[in-house]
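The values are calculated or read from the model by the stated rules, or taken from the named source; none is laboratory data. What you see is a predicted model; the values in this text were computed from it and never measured. Reconstructed Cβ throughout: ideal geometry from the backbone, glycine too, with neighbour counts over all protein chains shown. Please note that ligands, DNA and RNA were not included when accessible areas were found on the heavy atoms of the full protein model with its side chains. Shrake-Rupley method; radii C 1.70, N 1.55, O 1.52, S 1.80 Å.
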Amino acid sequence: MINSSVILVFFYFVCLVLCCFADPGVLFQFPEDFCDEVSTHVCSSLQCIIFTDVMSYWNDTVQHFTFVLTDLEGCQRFGFCRLTNSTQTCLCMLSYLPWFEVFYKLLNNLADYLTKGQVSFCMLSVCVSPGLSHPLIQCCFRLSPQVPYFIAPDPRSLPSIPESRNLTELIVAVDMSNLLQIYASMLFERRILIFASKLSTLTACVHALSAVIYPMYWQHIFIPILPPHLLDYCCAPMPYLIGVHSSLSEVESRGLEEVVILNVDTNTLETTFDDLKRIPSDVMSGLKVRLKRQAVSPGCGVAKAFLRAQALLFGGYRDAVQGDKVSNKSSK
């Protein structure tokens, strides 16, 4: 569920202190009077994970990752982050719109402007203009005459490779067999944990997996990157799709039962279920053939392959509903 009241809710510049026990310092925030305790608490909780990630990849690498905040009504806010390992700084934008590529590019441009000391409130206020408040309108905007246009994605289009970094990372990191297994596990609404040591890869794979069941969407617990204070969520009895940084691997020692675990780093899958065999073989074999043919090709072929499988599996659901009504009438 998407609340499109504003595109940009809040922008801040976080300095990560090289200590797992210190809170990150906010160096820059827009709007200045914005206050959200939940967002601040989540970002503070993620600091230990980001700290570990920075130390593991101590170089000039820039990573983009996204966390999600879900309210009691199921409305999601996306936290788009740009982490610069060498300077131990992180830029973050909160938005109700899942425009991954747009906000990642926007963060890159803002990082350049911040480095030059050229960011102004007028520049950032463009992002909260009324003309950008509808997710179904494809539009373009820019921060200043010097910054390129940013084109809002068409919500009716399918993700394509390599334009969608989420789907691209998933296809590159996970082999065909494990991808089909995890897809089947999602259809059966299992409890699913995704492990990875790199934040960008972890959140990209989790978001991409939630997209492969389109036009359906994951309605259960959804946490692309699990903060340490929410580790107990892994013991929840209801379905979930959770991304766990490898630094929190102690969660596996909690005696988890009937949990599907995908380790992206080692490309291994652990499951006690045989969900793949419970799906019609003709659908899965067709999906496998199309994925093999499209995985190395640019475009939306991979997304179309999954969409076709979804149509074959659920496209005739009306027949089942109609049959049920007929049987009820005959029983009377």
Does region 157-174 hold any residues that are among the β-branched types (V, I, T) and open to solvent by 70 Å² or more (accessible area, probe 1.4 Å), and which are they? V172
Only one of these is buried (at least 16 other Cβ atoms within 10 Å of the Cβ) and part of a loop (DSSP other than H, G, I, E, B): I261, I213, I242. Name it. I213
What number of residues within region 273-314 are of a type in the set (S, T, N, Q) and over 16 Å from L179 (Cα atoms)? 1
In region 292-315, what count of residues is obtained for those that are more than 17 Å from P162 (Cβ to Cβ), in contact (Cβ under 8 Å) with a residue 60 or more places away in the chain and basic (K, R)? 1
Evaluate the following for T272: is it within 20 Å of E169 (Cα to Cα), loosely packed, with under 14 Cβ neighbours inside 10 Å and modelled with pLDDT of 90 or more? no
Which condition number in (1) modelled with pLDDT under 95; (2) under 25 Å from P159 (Cα atoms) is the one that F222 fails? (1)
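Here's the yes/no breakdown for (1) farther than 23 Å from Y183 by Cβ; (2) not aromatic (F, W, Y):
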position	(1), (2)
L199	yes, yes
C205	no, yes
A208	no, yes
Y214	no, no
C235	yes, yes
L241	no, yes
E250	yes, yes
Just to be sure I understand, how many residues within region 175-200 are outside any helix (DSSP H, G or I) and open to solvent by 10 Å² or more (accessible area, probe 1.4 Å)? 7
Mind telling me which of the residues Y233, Y240 ends up being in contact with a Lys or Arg (Cβ under 6 Å, 6 or more places away or on another chain), in the same structural domain as R190 (by the TED database) and under 16 Å from R190 (Cβ atoms)? Y240
